[in-house]
């Protein structure tokens, strides 16, 4: 996040692949975020389980269904096979056209 000039406290929304309860707890601890920020990943984990890499898309859909406001920002992070990790900084904008 340093390359983006962002700090963990800049994370308004956290859209994460819920690899499991331990993974979510590790995110919370390492980023110093509360369990409120991991509500969507926890819901998807409870309702669908860990579906491998695509699981983060279920979390993203749950979040988008909450209609974030333009200008809100967050971190999307996904886990893949073996150990691969992807992160993407998101900013919501008004729909154009």
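Derivation of every value follows stated rules applied to the coordinates shown; laboratory data play no part. Keep in mind that this is a model prediction, so the values were computed, not measured.
Full extension of the chain segment joining residue 89 with residue 57 gains 10.0 nm, where the gain is 0.36 nm per residue of separation less the Cα-Cα distance.
Applying 0.36 nm per residue to the separation of residue 46 and residue 6 and subtracting their alpha-carbon distance, the gain on full extension is 11.4 nm. Restricting attention to the chain, close to 65% of DSSP beta bridges with both partner residues there are antiparallel. Once percent of Cα pairs over 23 Å apart is worked out from the coordinates, which option in (1) 28; (2) 21; (3) 16 does it equal? Among (1) 28; (2) 21; (3) 16, the one calculated here is (2). For the chain, adding -39500 (n - 2.57) for each run of n ≥ 4 DSSP H residues and dividing by the number of residues yields -9500 deg cm²/dmol at 222 nm.
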